[in-house]
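S.K.: Quick one: the structure is below, and I'll ask about it shortly.
Each value in this text was obtained by applying a stated rule to the coordinates, not by laboratory testing. Note that this is a predicted model, so its numbers are computed, not measured. Cβ atoms come from the backbone with ideal geometry, glycine included; neighbour counts cover every protein chain shown.
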Amino acid sequence: MTRATFRFREFRLVPDAEPDAEPVTFTLQCAVCHQTAAPHTSRSVSQNWATLHLKHNPEHFTYREITTRPYKFEPGAWL
């Protein structure tokens, strides 16, 4: 019979702020027809899309923002 020793480690989930991390992106989605703007690092690009979408669809008044933010696990103490 083989014996094994296990060590456990704590990890913490945190936003990834490293220089090589994926960028935070924003997009708006029409709550009526579910069309979305292309994800972009600037909120104003999505807001411009929503304005244009409203011009083409005068009855589409409600939108939701979708934010994509990268996260990573940071190793903590060994238990």
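S.K.: Can you pull out the residues in region 22-38 that are over 30 Å from P75 (Cβ atoms), assigned to a loop (DSSP other than H, G, I, E, B) and either within 16 Å of the chain's Cα centre (by Cα) or in contact (Cβ under 8 Å) with a residue 24 or more places away in the chain (or both)?
M.R.: A31, V32, C33, A37, A38
S.K.: Looking for something hydroxyl-bearing (S, T, Y), under 30 Å from R7 (Cβ atoms) and within 17 Å of the chain's Cα centre (by Cα) - is there at least one such residue anywhere in region 66-73?
M.R.: Within region 66-73, the subset hydroxyl-bearing (S, T, Y) is 67-68, 71.
If we keep only those that are under 30 Å from R7 (Cβ atoms) too, we end up with 71.
Filter again for within 17 Å of the chain's Cα centre (by Cα), leaving 71.
Yes, region 66-73 contains at least one residue that is hydroxyl-bearing (S, T, Y), under 30 Å from R7 (Cβ atoms) and within 17 Å of the chain's Cα centre (by Cα).
S.K.: From the set of residues in region 28-79 that are more than 27 Å from R12 (Cβ to Cβ) and aromatic (F, W, Y), which is surrounded by the fewest Cβ atoms within 10 Å (Cβ to Cβ)?
M.R.: So in region 28-79, the residues more than 27 Å from R12 (Cβ to Cβ) come out as 28-38, 40, 42-64.
If we keep only those that are aromatic (F, W, Y) as well, we get 49, 61, 63.
On the way: W49: 19, F61: 10, Y63: 21.
Out of the qualifying residues, it is F61.
S.K.: A further question on this structure: Return yes when H60 is in contact with a strand residue (DSSP E or B) (Cβ under 9 Å, 6 or more places away or on another chain), in a helix (DSSP H, G or I) and not charged (D, E, K, R) and no when it is not.
M.R.: Numbers: in contact with a strand residue (DSSP E or B) (Cβ under 9 Å, 6 or more places away or on another chain): yes; in a helix (DSSP H, G or I): no; not charged (D, E, K, R): yes.
No, not satisfied.
S.K.: Which of (1) touching a residue at least 60 places away in the same chain (Cβ under 8 Å); (2) under 18 Å from the mean Cα position of the chain (by Cα); (3) not in a strand (DSSP E or B) is the odd one out, the single condition S46 does not satisfy?
M.R.: It is condition (1) that S46 fails.
S.K.: So how many residues does region 7-21 have that are part of a loop (DSSP other than H, G, I, E, B), surrounded by fewer than 11 Cβ atoms within 10 Å (Cβ to Cβ) and not hydrophobic (A, V, I, L, M, F, W, C)?
M.R.: Looking only at region 7-21, we keep the residues that are part of a loop (DSSP other than H, G, I, E, B), and these are 7-8, 16-21.
Checking the rest, the ones that are also surrounded by fewer than 11 Cβ atoms within 10 Å (Cβ to Cβ) come to 7-8, 17-20.
Narrowing further to those that are not hydrophobic (A, V, I, L, M, F, W, C): 7, 18-20.
Looking only at that region, the number is 4.
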